[in-house]
Amino acid sequence: SLGERLEGVFKRFRGQGKLTEENVGEGLREVRLALLEADVNFKVVKDFVDRVREKSLGQEVMKSLTPGQQVVKIVHEELVGLLGGSTTELDLRGKTPAGIMMVGLQGSGKTTSAGKIALWLRREKKMKPYLVPADVYRPAAIDQLTKLAGQIGVPVYPSTPDMNPVDICADALSRAREEGCNVILYDTAGRLHIDEPLMEELSRIKDKCAPAEILFVADAMTGQDAVNVAKSFDERLDISGVVLTKMDGDARGGAALSIKSVTGKAVKFVGLGEALSEMEVFHPDRIASRILGMGDVMTLIEKAQTTIDEDEAKALQDKMREASFNFEDFRVQMRRLKKLGSLEGLLKLIPGMGKLSQQLGGLNMPEKELGRVEAMIDSMTRDERRRPELLNKSRKARIAKGSGATVAEVEQLCANFTQMRAMMQNMMGGGKKGKKGLPAM
Ligand code: GDP
Ligand code: MG
């Protein structure tokens, strides 16, 4: 993943204070690959990378970040900006009912998205939608939308296959008005490829009904192809926004960036499944993280920014030295640890703990196990957490019962904890020579 690759880059540049030609270049090489892997158009990638390079050079590296991470942070910010910065809402001002015309290739998700948006408008905007099946070419298309309309209880125009799509839309508009609906969604036909008769039909519907929004529906799985198609639709119809469907699949969402860069039109919704509720308003920051590798890069950056403040670190060191580090402290650190991913990572943030972290390599716990440990600690009383030496046989049995663990697991946790505390104390130079100095549990 990009995260792993970048970690390699980060390691090499740890401790450098400024972004230089060299370390920026390294980071950007990885970013370029990630963008290409996410199916971002190569020209878009090139322009983008050039921009980030310009922006990065000479920047001071934030204390908590490595140069590589800083580059990724800049990349992320730029990506969010390129994707539109913040969420772009539908603009339904103007005449009532406001029209929303769905356009795009066959199978891209127009019909499904029309139903999803109708449901969303009713639920979130308290609007009264009207649905119009205007795809008379595919046999089941009218049925499909009529069924969806029934599911969400929205009125639908009674189109038949012998009708002309432009007439359907024009007549539906007056029907919708009569029925007191304030938003009307036209579900138009698609083709496997763009062709002139389709474009002609769509522009006639546009002229006749003057929709407030023309949403180009793009299948995220088609990646780069979607960009050229979007461009053609935009040139012909001047689309007002994009719906990116099938983002519940493997698609990394590079299409969102490419389409926005090429057409200048914002993605407004993201489809996340076949069901009508599976749609979200588009959030540029979420997609930016996804494009950069399913969020792992941002997690890395968040990790880097999670630093323990000095007072806390000092208090922790004292506790370690005196072996008064207890389960209460352990739990606090463990919660932090969950965010950081590893005990090693945590210990590196505590001054003087580098060596210990190496020795404790074996103590790294997988996420699931961490959860169990946390459950056991949660089952202790506050007194027990503060004074682990209280933990006798019957208390351990109670904790096991309370946390769904076995007594053996609780024993193991206590043994590990004792050992860890001893190691900490040794490392911190505390305790008395030749004596571990720890109360047994
Ligand atoms: P149209 O030809 O553009 O009207 O496309 P449809 O709305 O009929 O959708 C084509 C197929 O894609 C159908 O099987 C839909 O259920 C499916 N589909 C649409 N949107 C999504 C989505 O966001 N996620 C998933 N997984 N499937 C979708
Ligand atoms: Mg359809």
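The values are calculated or read from the model by the stated rules, or taken from the named source; none is laboratory data. None of the values given here were measured: they were computed from a predicted structure. Because the Cβ atoms are built from the backbone with ideal geometry, glycine has one as well, and the counts that use them run over all protein chains shown.
Table: residues versus (1) under 16 Å from Ala141 (Cα atoms); (2) away from ligand 1 (no atom under 16 Å from the Cβ); (3) not polar (S, T, N, Q).
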{"site": "Ser159", "(1), (2), (3)": "yes, no, no"}
{"site": "Asp167", "(1), (2), (3)": "no, yes, yes"}
{"site": "Arg177", "(1), (2), (3)": "no, yes, yes"}
{"site": "Tyr186", "(1), (2), (3)": "yes, no, yes"}
{"site": "Leu192", "(1), (2), (3)": "yes, no, yes"}
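Within the stretch 191-203, residues that are touching a residue at least 40 places away in the same chain (Cβ under 8 Å) reach partners that are part of a loop (DSSP other than H, G, I, E, B) and surrounded by 10 or more Cβ atoms within 10 Å (Cβ to Cβ) with beta carbons closer than 7 Å, at six or more positions or on different chains, in the pairs Arg191/Leu105; Arg191/Gln106; Leu192/Leu105; Leu192/Gln106. Scanning the stretch 148-165 for residues that are among the polar types (S, T, N, Q) and either at pLDDT below 95 or not in a loop (DSSP other than H, G, I, E, B) (or both) yields a total of 1.
Selection within the stretch 242-265: residues that are within 16 Å of ligand 2 (Cβ to nearest atom) and of a type in the set (Val, Ile, Thr). The member of this set that is nearest to Pro284 (Cα to Cα) is Val243. The single residue among Asp225, Asp250 that is free of Cβ contacts under 8 Å to residues at least 24 places away in the same chain and within 16 Å of ligand 1 (Cβ to nearest atom) turns out to be Asp225. One residue is enough: does the stretch 199-206 have a residue meeting the conditions outside any helix (DSSP H, G or I) and under 25 Å from Val270 (Cα atoms)? Scanning the stretch 199-206, I find no residue that is outside any helix (DSSP H, G or I) and under 25 Å from Val270 (Cα atoms), so the answer is no. Within the option set Ala220, Ala230, Ala226, Ala256, being buried (at least 19 other Cβ atoms within 10 Å of the Cβ) and touching a Pro at 6+ places or on another chain (Cβ under 9 Å) holds for one residue only, Ala256.
Here's the yes/no breakdown for (1) within 16 Å of ligand 2 (Cβ to nearest atom); (2) outside the structural domain of Leu33 (by TED's automatic domain parsing); (3) closer than 19 Å to Asn182 by Cβ; (4) surrounded by 24 or more Cβ atoms within 10 Å (Cβ to Cβ):
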residue	(1), (2), (3), (4)
Val44	no, no, no, no
Asp50	no, no, no, no
Leu57	no, no, no, no
Met102	yes, yes, yes, yes
Gly115	yes, yes, yes, yes
Arg123	no, yes, yes, no
Asp143	yes, yes, no, no
